[in-house]
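Below: one structure, written as structure tokens.
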Amino acid sequence: MHLLFPGSFDPPHLGHLDLIRRASALGPVTVAVAIHPEKSGFLPVATRVDLLRAITADLPVTVTSYTGATVHFARQIGATTLIRGLRHGQDLEAERPLAVLNRSFGIDTVFLIADPAHVHLSSSTVRAVRAAGLPLQDLLPPAVAAVC
Ligand code: ADP
């Protein structure tokens, strides 16, 4: 089962890395940074891809980026299943309609429950902590903390 883990990863944090590690135990994983041309983002997409490659170097994972519909990209690379994380009920409510829609295009979604150690972690939290000048080392892999 070829898995596609799509996301913004802006920046990639320890919650993402935990999910990638767990997903890679299920099958080969492509981690793909979704490019939103209308949004500039915090880190450039190429930097996010480089960082994801660095922090997953020990895993059977391919990292890339894509534009357009996730289901199209999944088909293009031969992935049958998406990986998404669930931290709380709001994630489930946001993900459910997308998962139903993607399933109607033949792409299923596997949800992994966030590890309790990372359940409060999101990229927007990381950006807020950074903006407040607070330490990031408990939230980010060292390679990511080094550039944030
Ligand atoms: P998106 O903008 O597509 O939601 P994110 O980069 O915010 O992209 O998240 C990508 C995926 O990682 C989502 O499925 C999200 O639920 C999951 N995720 C984010 N933070 C965590 C975390 N702390 N633990 C587990 N999964 C997470």
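FYI, it's all coordinate maths here, none of it is from the lab. Since this is a predicted model, take the numbers as computed values, not measurements. Quick reminder, even Gly has a Cβ in these numbers, built from the backbone with ideal geometry, and neighbours come from all protein chains shown.
Could you say which residue among 48, 103 is closer than 15 Å to residue 32 by Cβ and basic (Lys, Arg)?
So the residue among 48, 103 that is closer than 15 Å to residue 32 by Cβ and basic (Lys, Arg) is 48.
For the range 1-21: of the residues being more than 10 Å from the ligand (Cβ to nearest atom) and surrounded by fewer than 19 Cβ atoms within 10 Å (Cβ to Cβ), which is nearest to the chain's Cα centre (by Cα)?
Applying the filter and picking the extreme gives 21.
Here are some conditions: (1) surrounded by 16 or more Cβ atoms within 10 Å (Cβ to Cβ); (2) closer than 26 Å to residue 140 by Cα. Residue 116 meets all but one. Which one does it not meet?
In the conditions (1) surrounded by 16 or more Cβ atoms within 10 Å (Cβ to Cβ); (2) closer than 26 Å to residue 140 by Cα, residue 116 misses (1) alone.
Is it the case, given these coordinates, that residue 49 is more than 15 Å from the chain's Cα centre (by Cα) and part of a helix (DSSP H, G or I)?
So residue 49 does not fit the description; no.
Would you confirm whether any residue within the range 119-127 is more than 8 Å from the ligand (Cβ to nearest atom), surrounded by 14 or more Cβ atoms within 10 Å (Cβ to Cβ) and outside any loop (DSSP other than H, G, I, E, B)?
Yes.
Residue under question is residue 59, and the condition is that it be of a type outside the set (Asp, Glu) and either assigned to a helix (DSSP H, G or I) or touching a residue at least 40 places away in the same chain (Cβ under 8 Å) (or both); does it hold?
In short, no.
Could you give me the residue pairs with C-beta distances under 6 Å whose first residue belongs to the range 111-136 and is over 16 Å from residue 9 (Cβ atoms), whose second residue is near the ligand (Cβ under 10 Å from one of its atoms) and not small (Gly, Ala, Ser) wherever it lies, and which are 6+ apart or on separate chains?
111/84; 111/86; 113/86; 115/18; 119/87
Anything in the range 57-94 that is within 16 Å of residue 19 (Cβ to Cβ), more than 10 Å from the ligand (Cβ to nearest atom) and surrounded by fewer than 20 Cβ atoms within 10 Å (Cβ to Cβ)? List them, or say none.
58, 59, 60, 62, 81
Select from the range 22-41 the residues that are surrounded by fewer than 23 Cβ atoms within 10 Å (Cβ to Cβ) and within 11 Å of the ligand (Cβ to nearest atom) and list them in ascending order. Working first, answer last.
First, the residues of the range 22-41 that are surrounded by fewer than 23 Cβ atoms within 10 Å (Cβ to Cβ): 22, 24-28, 30, 34-41.
The answer is 22, 34, 36, 39, 41.
Any residue at all in the range 46-55 that is within 13 Å of the ligand (Cβ to nearest atom) and touching a Lys or Arg at 6+ places or on another chain (Cβ under 6 Å)?
The answer is no; no qualifying residue exists.
Taking only pairs six or more apart or across chains, which ones have beta-carbon atoms under 7 Å, a first residue in the range 1-22 that is within 17 Å of residue 65 (Cβ to Cβ) and acidic (Asp, Glu), and a second residue that is part of a helix (DSSP H, G or I) and within 7 Å of the ligand (Cβ to nearest atom)?
As it stands, the answer is 10/123, since those pairs meet every condition given.
Pick from the range 1-30 the residues that are touching a Phe, Trp or Tyr at 6+ places or on another chain (Cβ under 9 Å) and of a type in the set (A, V, I, L, M): which of them is farthest from residue 75 (Cα to Cα)?
19
I'd like to know if the range 82-99 contains one or more residues that are within 12 Å of residue 30 (Cβ to Cβ) and in a strand (DSSP E or B).
As a first pass, look at the range 82-99 and keep what is within 12 Å of residue 30 (Cβ to Cβ): 82-83.
Applying the additional criterion that residues be in a strand (DSSP E or B) yields 82-83.
For the range 82-99, residues within 12 Å of residue 30 (Cβ to Cβ) and in a strand (DSSP E or B): present.
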